[in-house]
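Laboratory data are not the source of any read-out in this text; all were calculated from the coordinates shown. Everything numeric here is computed off the predicted structure, so don't read it as measured data. Ideal geometry is used to build each Cβ from the backbone, glycine not excepted, and the neighbour counts take in all protein chains shown.
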């Protein structure tokens, strides 16, 4: 971290600072912290994500006071007790359930922002990797949480996702099955599974909070990247975090909360699946199993591959690929603003993720009817998967070396002031 | 602080030097008693950590109560030809299907070598038994399989002449489109294996013990 500028104002403050400099830490991190003066709207999502983590933990702790993690009682404890009997239980449950969607919405904007402005590039590789860890932990937490209401989608989602491990059978016979039985604590998803998922669902958010601490630490060592992707060269390029970015983050947090609560109050089941209002039945699979929207692109990739083992490897590979991005991008220029070709490929990639999400939301045998010809969507998913991997593993390393980039401005201050003159 | 203390050490006092403390000695001499102690301590600690971790890993495996519930007995007298009844076995659906002569003939018409999964997957036979229809059943009329798609564990939907599911007359898994034939063998789609035949026996003409 940069040199500390905190000066305790009182005698007590000095006494305390010499023994536990926590006020200094907060001051250096969130008050005087020098922040590039040109951060735009897309940089507010870090703060929004912190807010969402707090909201999810607070509402989650309250829900756990009324929830019963048992295959017999879980569904009733959610749908009857929490939704109908507990005072404001319906509100807290809807805040929590929609909060998961908002959390992922914010994290995806945050991740695409990082990709566009090259925020993963040196010296911020660890920052990016910690972010990927947080994302993976979020995915696990959301998956465990979705199982808890013990509806049909909860049960069959849990079955399908844990069965991904049975693909290991095709490498080492019976090992995959042994792992699934170990994960389930039974021969099928059941009471034992539900209990352990509840335990882990309660644990992981605190692990996330810990990694978020590391993420912010790793952010504050090199300082923020910015839309120009060039380094801060001096005090003229920065403004203190308070009040400039506290007020900006605060403003957009309020807008985000309005958007979020619009769902909570007016369309609380918008992101949900009606099948989850049917209690889990181990003998009947719903006709269409669909994961929550934020996992649909990966689900589409899984279904695009006609082999079980390779499908699972592609799914895992798509997630783990993110860890290597800092080294896959060979360009010396960070921001896509100065990378005309990469900018187009980036938007194609964003569109690809949305396309994969769409295909994932459709049935396995869905097709588009174009002028009398059936075009199976599975092929769309195959092209989409190809581009997803091609973007990271082929285009990023290759384009980075060959692309003719546009000239970078001298400094952040110069670019900002030049913009003001026009 | 550290630097200030060091600078006060007079230069003419030789550093106390243990015989194996220098890099040169460490690479040239035989492993010392201290090396042995390091390795022995590390090995004991690793073993202890492994042993201590085992209960925490093994507690997640199916408990003795779960294992005790592992077998069931069912009466199949009421099942009509062409009909499938679903029982619950080890938390999974268990399909008992009374096949029609046409369904049996269809299953027997295909050679095991032409199947995506050439193995019988029958717990009552050896692992290498081929997937001929005869190897999938005990009595040809009765097909008993675990109703868990070998792809990702969904329950496949049964195909009947009135409501065909897939093109092979057996089952279709709606989750990811795997199609099974009238012997419960995978014919098309991402599932890697035939539907599993559980360990079972006829305890009477129309009584089954599964597991």
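Taking square-rooted eigenvalues a ≥ b ≥ c of the alpha carbon gyration tensor, is segment A:299-421 rounded, prolate or oblate, where a/c under 1.5 means rounded and, failing that, a/b exceeding b/c means prolate? Can you show the working numbers first?
Numbers: a/c = 3.07, a/b = 2.02, b/c = 1.52.
In terms of gyration-tensor shape, prolate.
Could you tell me how many degrees, from 0 to 90 and to the nearest 10, lie between the Cα long axis of helix A:412-421 and the main elongation axis, the longest principal axis, of the Cα atoms of chain A?
The helix A:412-421 is inclined about 80 degrees to chain A.
Given a Förster distance of 41 Å, report the FRET efficiency between residue B:43 and residue B:127 from their Cβ-Cβ distance, rounded to the nearest 0.05.
Result of the calculation: an efficiency of 0.60.
Simple spin-label model, 7 Å along Cα-to-Cβ: residue A:293 to residue A:231 in nm?
4.2 nm
Take peptides A:146-158, B:59-71 and line them up by average Cβ neighbours within 10 Å, highest first, as a rough protection proxy.
A:146-158, B:59-71
With contacts defined as alpha carbon pairs under 8 Å and 6 or more residues apart, what's the relative contact order of chain B in percent?
Numbers: 316 pairs, mean separation 37.0, N = 211.
Over chain B, the number comes to 18 percent.
Using a 10 Å cut-off around each Cβ of peptide A:279-292, what is the average number of partner chain Cβ atoms that fall inside?
Working: counts 0, 0, 2, 7, 9, 5, 12, 4, 4, 2, 6, 1, 0, 0.
Mean inter-chain Cβ contacts per residue within 10 Å come to 4.
Could you list the square roots of 5 times each eigenvalue of the Cα gyration tensor of the protein assembly as shown, that is, the equivalent ellipsoid semi-axes, sorted largest first and rounded to whole Å?
53, 33, 27
For segment B:141-211, calculate the relative contact order in percent as a whole number, restricting contacts to Cα pairs under 8 Å that are 6 or more residues apart.
Worked out over segment B:141-211, it gives 25 percent.
Helix A:175-184 versus the longest principal axis of chain A: what is the Cα-based angle in degrees, 0 to 90, to the nearest 10?
The answer is roughly 90 degrees.
Using helices alone, what [θ] at 222 nm do you get for chain B, with -39,500 (n - 2.57) per DSSP H run of 4 or more residues, divided over all residues and rounded to the nearest 500?
Only helices count here, giving -7500 deg cm²/dmol.
In nm, what is the difference between 0.36 nm times the number of residues separating residue A:270 and residue A:9 and their Cα-Cα distance?
Full extension from residue A:270 to residue A:9 adds 88.8 nm.
Helix A:152-163 against the longest principal axis of chain A: what's the angle in degrees, Cα atoms only, rounded to the nearest 10?
Tilt relative to chain A: about 80 degrees.
Determine which residues of segment B:179-209 fall in the zone a paramagnetic label at residue A:316 would reach in this model, i.e. backbone nitrogen under 17 Å from the point 7 Å along Cα→Cβ.
Those under the cut-off are B:192.
What's the FRET efficiency of residue B:163 with residue A:363 using the Cβ-Cβ distance as r and R₀ = 22 Å, to the nearest 0.05?
Approximately 0.80, to the nearest 0.05.
Over segment A:28-420, what is the relative contact order in whole percent, taking alpha-carbon pairs under 8 Å and six or more residues apart?
24 percent
What does the highest-first list of A:91-97, A:206-212, A:324-330 look like by mean Cβ count within 10 Å?
Highest-to-lowest ranking by the protection proxy: A:91-97, A:324-330, A:206-212.
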